[in-house]
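Take a look at the structure below.
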Amino acid sequence: MFSLRRAGVRFGSTPALEAVDLEVAAGERVALVGPSGAGKSTLLSLLNGSRRPTEGSAVVLGRDLATVRGSELRHLQRRIGTVYQQHHLVGPLRVVHNVNAGRLGDWSLLEAVRSLLLPADVATAEAALAQVGIAEKLYERTDTLSGGQQQRVALARVLVQRPVAILADEPISSLDPTRAEEIMQLLAGLAGGTGRALVVSLHAVEQALRHCDRLVGLRGGRVLFDAAARDVTTAMVESLYRIGERGPEQGEGAA
């Protein structure tokens, strides 16, 4: 589903990613781990086509990002669901409207406006909310929900896109340990056995080891290791987070 070859991204003269090789197959659950400024968010932006490599190549769902433009790129991106650290939900709107935002790429402007007045395809939104365990919140104001429930709304919004891959950027960073475990179980379940790929950036290595098949360790914009979860050792993790070694402040977008 994703293939990076010697991929690099620079912000001016500052490297955010350097010489990254990465393959992600259908059904795989891959965690990107590493300290702040390692390039995890920049790598996710390559995978969802919102950024192009300045060096090397990035092939997403069989298409080279160097050759994809305009409506073709937008169509490609609709096949990839991205969950951001900030949920980007509209608080005063009902949950159904925020979930339906995942359908905007398929609707005309008129259909989108009509849906704000009378929600369209409610059954699809409700089914997505049922998958994430909060179907009963369909008509509640989004800003009345807890942080964990809002994260679930963001996941439901992704599900109505019917994505073939899900990317998640630090989805549990603002949650308490219990809610974080629930969200990681949910993300892993949405990928495992469905054929969807999951690529998630995490600071919590223990969550990555529990819920993902592979860990990719990033430091200073480079891949330090790419290994099956069962093969990741304490020494590898300690080397990844070692203080005082090269881990330059990255440019805009790196994390």
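The values are calculated or read from the model by the stated rules, or taken from the named source; none is laboratory data. Everything numeric in this text was worked out from a predicted model, so none of it was measured. Don't worry about glycine lacking a Cβ; one is built from the backbone with ideal geometry, like all the others, and counts go over all protein chains shown.
Filtered by the rule that a residue be charged (D, E, K, R) and either surrounded by fewer than 17 Cβ atoms within 10 Å (Cβ to Cβ) or closer than 23 Å to I183 by Cα (or both), region 89-132 gives R94, R103, D106, E111, R114, E126.
Looking only at residues in region 142-170 that are polar (S, T, N, Q) and not in a helix (DSSP H, G or I), the one that is farthest from T82 (Cα to Cα) is S146. Does T54 satisfy being free of Cβ contacts under 8 Å to residues at least 60 places away in the same chain and over 18 Å from the mean Cα position of the chain (by Cα)? So T54 fits the description; yes. Identify, please: which residue in region 30-52 is in contact with a Leu (Cβ under 7 Å, 6 or more places away or on another chain) and more than 29 Å from E238 (Cα to Cα) and is, among those, surrounded by the fewest Cβ atoms within 10 Å (Cβ to Cβ)? Out of the qualifying residues, it is R52.
Of the helices (runs of 4 or more DSSP H) lying entirely inside region 30-103, those carrying at least 1 residues that are not assigned by TED's automatic domain parsing to the domain that holds P119 are 40-47, 70-78.
Against the test of being among the small types (G, A, S), at pLDDT below 95 and either assigned to a helix (DSSP H, G or I) or more than 14 Å from the chain's Cα centre (by Cα) (or both), the options S173, S239 yield a single qualifying residue, S239. If I filter region 110-121 for residues that are within 28 Å of A31 (Cα to Cα) and either part of a helix (DSSP H, G or I) or free of Cβ contacts under 8 Å to residues at least 12 places away in the same chain (or both), do I get at least one hit? No, every residue in region 110-121 fails to be within 28 Å of A31 (Cα to Cα) and either part of a helix (DSSP H, G or I) or free of Cβ contacts under 8 Å to residues at least 12 places away in the same chain (or both).
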